[in-house]
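The values are calculated or read from the model by the stated rules, or taken from the named source; none is laboratory data. The structure presented is a predicted model; accordingly, all values stated were derived computationally and were not measured. With ideal geometry, Cβ positions are generated from the backbone for all residues, glycine too; neighbour counts draw on all protein chains shown.
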Amino acid sequence: MASVHISTEWLDQAWGGTTKQDMLPVVAIDGEQLKVTIFLNGGAGMRVITRKVHKTGHVTFNVTEGMRAFIRMLKDFPHITLDIHDNKMTVTAETSCSAVQYHFPNIKLVDDNVIPDHASDVELVVPTTYWHNMWKSLPVKGTCELNCNKSKRSVTLKHSKGRWAAAIQAREKPQASRKFTADALVARRIFRFVQPSATFSTLVFMDCGVLKWVHENTTVFIAPFE
């Protein structure tokens, strides 16, 4: 069904290592792309990271704690191969003089998680490092409201307790004004799974009500607080 040769270190980091998660990560192999999705707080936060692979088949499956623990033990091997057929997966790690192979007999196949773009989405380009650093000091109890105004370049953030506020300058003014309220704990936690590198990233107030942040091959989704 699908076969990919991938960096062991990259895969381990992509699904959060062996950190216990309340929802199982999902791996989606789609032709020439491998996508790993992790979920926080019942799916209120979602981080997606992608990587190109050699052209193969299509399959999406849950990653169990046992799978993550086994891959972590293979980190001394630079690369591994995942071969998936029906609901079975074989993991192979090789060097010039050694090899390890393990069979997972009953992987759970699932549907991919996709939140489509919309013509009414409002996008802003923000400086990545400053955006990422702001969230480190956000109080985790309460909510955080984000606002953008079509007449200004700044995006403002305000915590519900009234003691914390922040602002960041976008590269250009947004095409429309938008407001979004997030659970503060979810927002702060999800950005801990991101390692910023590019100078700029894209903040999107999605028409469906979700907040999206795109940075190179990483995308973060945060559900609105209700």
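Could you tell me how many of the residues in region 105-137 are in a loop (DSSP other than H, G, I, E, B), over 20 Å from Val210 (Cβ atoms) and among the charged types (D, E, K, R)?
1
In contact with an Asp or Glu (Cβ under 6 Å, 6 or more places away or on another chain) and among the charged types (D, E, K, R), is that true of Lys35?
Working: in contact with an Asp or Glu (Cβ under 6 Å, 6 or more places away or on another chain): no; among the charged types (D, E, K, R): yes.
No.
Output the strands (runs of 3 or more DSSP E) that fall wholly within region 138-226 and possess 1 or more residues being buried (at least 19 other Cβ atoms within 10 Å of the Cβ), or say none.
On the way: elements: 143-148, 154-159, 165-169, 178-183, 200-205, 211-215, 218-222.
Ranges flagged: 143-148, 154-159, 178-183, 200-205, 211-215, 218-222.
Do any residues in region 78-103 that are closer than 26 Å to Asn62 by Cβ have Cβ atoms under 6 Å from those of residues that are in a loop (DSSP other than H, G, I, E, B) and of a type in the set (Phe, Trp, Tyr), where the two are at least six apart or on different chains, and which pairs are they?
Between residues of region 78-103 that are closer than 26 Å to Asn62 by Cβ and residues that are in a loop (DSSP other than H, G, I, E, B) and of a type in the set (Phe, Trp, Tyr), the close pairs are Ala93/Phe77.
With region 21-77 as the region, which strands (runs of 3 or more DSSP E) entirely inside it contain at least 3 residues that are outside the structural domain of Arg192 (by TED's automatic domain parsing) and surrounded by 20 or more Cβ atoms within 10 Å (Cβ to Cβ)?
Values: elements: 26-30, 33-40, 45-52, 58-62.
Ranges flagged: 26-30, 33-40, 45-52.
Does Ala170 fit the bill of being in contact (Cβ under 8 Å) with a residue 12 or more places away in the chain, under 13 Å from Phe225 (Cβ atoms) and not assigned by TED's automatic domain parsing to the domain that holds Met23?
no
In region 78-90, what count of residues is obtained for those that are outside any strand (DSSP E or B) and surrounded by 12 or more Cβ atoms within 10 Å (Cβ to Cβ)? Show your work before the answer.
Going residue by residue through region 78-90, those that are outside any strand (DSSP E or B) are 78, 86-87.
With the extra rule that they be surrounded by 12 or more Cβ atoms within 10 Å (Cβ to Cβ), the set shrinks to 78, 87.
Within region 78-90, residues that are outside any strand (DSSP E or B) and surrounded by 12 or more Cβ atoms within 10 Å (Cβ to Cβ) number 2.
Taking the residues in region 86-137 that are farther than 30 Å from Phe200 by Cβ and charged (D, E, K, R) as candidates, determine which candidate is modelled with the lowest pLDDT. If you could, list the steps in order and put the result at the bottom.
Just the residues of region 86-137 that are farther than 30 Å from Phe200 by Cβ, to begin with: 86-111.
Filter once more, so that each one left must be charged (D, E, K, R): 86, 88, 94, 108, 111.
Details: Asp86: 89, Lys88: 96, Glu94: 95, Lys108: 96, Asp111: 93.
Per the criteria, the residue is Asp86.
For region 91-104, check the following and say yes or no: at least one residue is acidic (Asp, Glu), in a strand (DSSP E or B) and farther than 30 Å from Thr199 by Cα. If you could, list the steps in order and put the result at the bottom.
If we filter region 91-104 for residues that are acidic (Asp, Glu), which is where we start, we get 94.
Checking the rest, the ones that are also in a strand (DSSP E or B) come to 94.
Next cut, farther than 30 Å from Thr199 by Cα only: 94.
Yes, region 91-104 contains a residue that is acidic (Asp, Glu), in a strand (DSSP E or B) and farther than 30 Å from Thr199 by Cα.
For region 181-213, which positions are touching a helix residue (DSSP H, G or I) at 6+ places or on another chain (Cβ under 6 Å), within 12 Å of Cys144 (Cα to Cα) and free of Cβ contacts under 8 Å to residues at least 60 places away in the same chain?
Arg188
Return the residue satisfying two criteria in turn: it lies in region 1-20 and is assigned to a helix (DSSP H, G or I) and in contact with a Lys or Arg (Cβ under 7 Å, 6 or more places away or on another chain), and of such residues it is farthest from Val220 (Cα to Cα). Even if it seems obvious, please write down each step before you answer.
To start, the set of residues in region 1-20 that are assigned to a helix (DSSP H, G or I) comprises 8-14.
The next check asks that each one be in contact with a Lys or Arg (Cβ under 7 Å, 6 or more places away or on another chain); those that pass are 8-10, 12.
Numbers: Thr8: 22, Glu9: 21, Trp10: 18, Asp12: 18 Å.
Only one residue fits best here, namely Thr8.
Just checking, does region 186-200 include any residue being among the polar types (S, T, N, Q) and closer than 20 Å to Thr143 by Cβ?
Residues of region 186-200 that are among the polar types (S, T, N, Q), as a first pass: 195, 197, 199.
Those still in the list that are closer than 20 Å to Thr143 by Cβ too: none.
No, region 186-200 contains no residue that is among the polar types (S, T, N, Q) and closer than 20 Å to Thr143 by Cβ.
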